[in-house]
1. Is it true that ALA345 is within 29 Å of SER228 (Cα to Cα) and in contact with a Lys or Arg (Cβ under 9 Å, 6 or more places away or on another chain)?
2. From GLY175, GLY205, GLY231, GLY170, which residue is within 16 Å of GLN509 (Cβ to Cβ) and either in contact with a helix residue (DSSP H, G or I) (Cβ under 6 Å, 6 or more places away or on another chain) or not in a helix (DSSP H, G or I) (or both)?
3. Tell me, please, whether a residue that is open to solvent by 30 Å² or more (accessible area, probe 1.4 Å) and within 30 Å of VAL467 (Cα to Cα) can be found in region 394-414.
4. Check LYS98, LYS149 and return the single one that is surrounded by fewer than 14 Cβ atoms within 10 Å (Cβ to Cβ) and in contact (Cβ under 8 Å) with a residue 60 or more places away in the chain.
5. So the check is Cβ under 9 Å with 6+ separation or different chains; which pairs have a first residue in region 225-237 that's within 21 Å of SER193 (Cα to Cα) and of a type in the set (Gly, Ala, Ser) and a second one that's modelled with pLDDT of 95 or more and surrounded by 22 or more Cβ atoms within 10 Å (Cβ to Cβ)?
6. Determine which member of the set THR525, THR472, THR466 is open to solvent by less than 80 Å² (accessible area, probe 1.4 Å), within 30 Å of GLY398 (Cα to Cα) and out of contact with any Pro (no Cβ under 8 Å at 6 or more places or on another chain).
7. Out of everything in region 109-126 that is under 25 Å from THR216 (Cα atoms) and open to solvent by 50 Å² or more (accessible area, probe 1.4 Å), what residue ends up being modelled with the lowest pLDDT?
Amino acid sequence: MNSKSNRFAPLWMALCVVLGVLVGTFYANHFSGNRLSIINSNGSKLNNLLHYVSDLYVDTVDMNDLVEKAMPQILSELDPHSTYIGAKDVQMATDDLKGSFSGVGIEFTIRQDTVRVQNVISNGPAERAGLLAGDKIVEVDDSVFVGKKVTNEEAMHRLKGPKDTKVKLGILRYGEKKIRHITVTRGEIPTKSVTACYMIDETSGYIKIKNFGENTYPELLIALAKLSQEGFSNLIIDLRSNTGGYLASAVQIANEFLSKGELIVYTQGRKSPRQEYRSDGRGSYQHVPLVVLIDEGSASASEILAGAIQDNDRGTIIGRRSFGKGLVQQPIEFSDHSMIRLTIARYYSPSGRCIQKPYSSGADKNYEEDLLSRYQHGEFFSQDSIKHTGPEYHTSNGRVVYGGGGITPDIFVPEDTVGMTSYYKEASMTGLILQYAFNYTDENRAKMKEFKTGKALETYLKKQNTVDKFATFADKNGLKRRNLMIQKSHKLLERYINSRIIYNMLNEQAWTEYLNQDDPAIIETLRIFREGKAFPQQPEKHA
């Protein structure tokens, strides 16, 4: 046997084990609500393999553990988005899209191996029990919870739980040396998809959608109703860094803006016949000038919505090329409550293009590093650097669009590099800015509580010289002070530092409003509205 065969031998062994388990005694071919009939002439051989390993192998084998390790590896040989989720991780993987979960109702961060309460959800269980932003959680149910065992996963495991169950927390409050104990009765905590909604100027409404979950569509309708009361006549939907979610939510939202009978998206796969999703003409906002913002973090359902708006010439897409995920996953649950998300189809935009970027079967390093590659090749900074690998398609008006790698915006807005220095990059990437912002918030929370709006807090922070204070903090924590670089990056540093303090003290909407003030994509969007160019025009024909 050659070396290449030897290298793949463990994989084939894992494949045999997993297939054997699927047809054998461990799962009895049973999925929760789904039965999978595997017809395989070698099924008895695979079953025999399991028996041989179990009965004859030199050491004791934990077959369940072997399966858990093999499942992800098998699925990774199919495509980048077919995944296996162990039973203990299923809830965490689905909570963001469910619309709510049962827990204590806090946002937390982990600093120096300690859970620190970043925000307390208004009128949630934690607030009612007396927890405050800035509290350090050092005990959970009379067990010390600090040190290396403190991870995001472990913290969520301990804090989440069935509704009406109790959890006893030991906390250290700023300025106090004695641990105080607070018992919180867990309750239903809403998870919001629409994280910001406000009038960005006298005529333009802005809505930020974080992901596409079960409640995204009703949340959007509430946001639109609010903006209607405030008299909006133009609309911005911000999908930047929105990694997607449920296809149905994207379809419902697209339906609000399209006239009757327009194709929104269709899906098709080897075992999945073509299924079309069309608008029903009942949308209340079919004629509002519309801009959709995307970037390299916009994926999946975000691309469905952006593609439907672009291909139907319903609005203008502004930003940078989206991620490029055009594969549809079906969740399939096993009897032990673990699950797989199996790719069953591709989705296609109305013009017929598949947005999925190229990938190879198996572990594809190029796919995993695609965004880094785009950055290094200058795509974030120059429209000319965008490489279109797919064929040309045409929108309803005849405009050219491309398949094979994300949604290319109608108007490209490069990443802002004015003031960028190596000092700023290191301050950002090492997490020092986040650490400083949290510490500053903690130490000045009492004073900043009097500022109830982002504007008021922003005005206060501008007088506090936070950049110089950060530089002193960073110097003590391994990032040498570079005065010339700090001066060049002052605006970027101040923007990042102050935005995080505003987020810590207020909420995501205040944070978003602050960042949008000088956002180049927002500035370009407002120009498009002023010039009445939100509706794409037919391309000029040349004789």
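1. Details: within 29 Å of SER228 (Cα to Cα): no; in contact with a Lys or Arg (Cβ under 9 Å, 6 or more places away or on another chain): yes.
Against the criterion (within 29 Å of SER228 (Cα to Cα) and in contact with a Lys or Arg (Cβ under 9 Å, 6 or more places away or on another chain)), ALA345 does not qualify.
2. Details: GLY175 fails: within 16 Å of GLN509 (Cβ to Cβ); GLY231 fails: within 16 Å of GLN509 (Cβ to Cβ); GLY170 fails: within 16 Å of GLN509 (Cβ to Cβ).
Going through GLY175, GLY205, GLY231, GLY170 in turn, the sole match is GLY205.
3. Within region 394-414, one or more residues are open to solvent by 30 Å² or more (accessible area, probe 1.4 Å) and within 30 Å of VAL467 (Cα to Cα).
4. Numbers: LYS149 fails: in contact (Cβ under 8 Å) with a residue 60 or more places away in the chain.
Going through LYS98, LYS149 in turn, the sole match is LYS98.
5. SER228/GLY205
6. Numbers: THR472 fails: within 30 Å of GLY398 (Cα to Cα); THR466 fails: within 30 Å of GLY398 (Cα to Cα).
None of the other options fit; the residue is THR525.
7. Among those residues, the one meeting the criterion is SER122.
Yes or no, residue by residue, for (1) within 29 Å of the chain's Cα centre (by Cα); (2) among the charged types (D, E, K, R):
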{"site": "SER499", "(1), (2)": "yes, no"}
{"site": "ASN516", "(1), (2)": "yes, no"}
{"site": "PRO520", "(1), (2)": "yes, no"}
{"site": "GLU524", "(1), (2)": "yes, yes"}
{"site": "PHE529", "(1), (2)": "yes, no"}
{"site": "GLY532", "(1), (2)": "no, no"}
{"site": "GLN537", "(1), (2)": "no, no"}
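The values are calculated or read from the model by the stated rules, or taken from the named source; none is laboratory data. This one's a predicted model, so the numbers in the text were calculated from it and none came from an experiment. A quick note on method: Cβ atoms are made from the backbone with ideal geometry, for glycine too, and the neighbour counts reach across all protein chains shown. Calculation scope for accessible area: heavy atoms of the full protein, side chains included, ligands and nucleic acids excluded. Shrake-Rupley method; radii C 1.70, N 1.55, O 1.52, S 1.80 Å.
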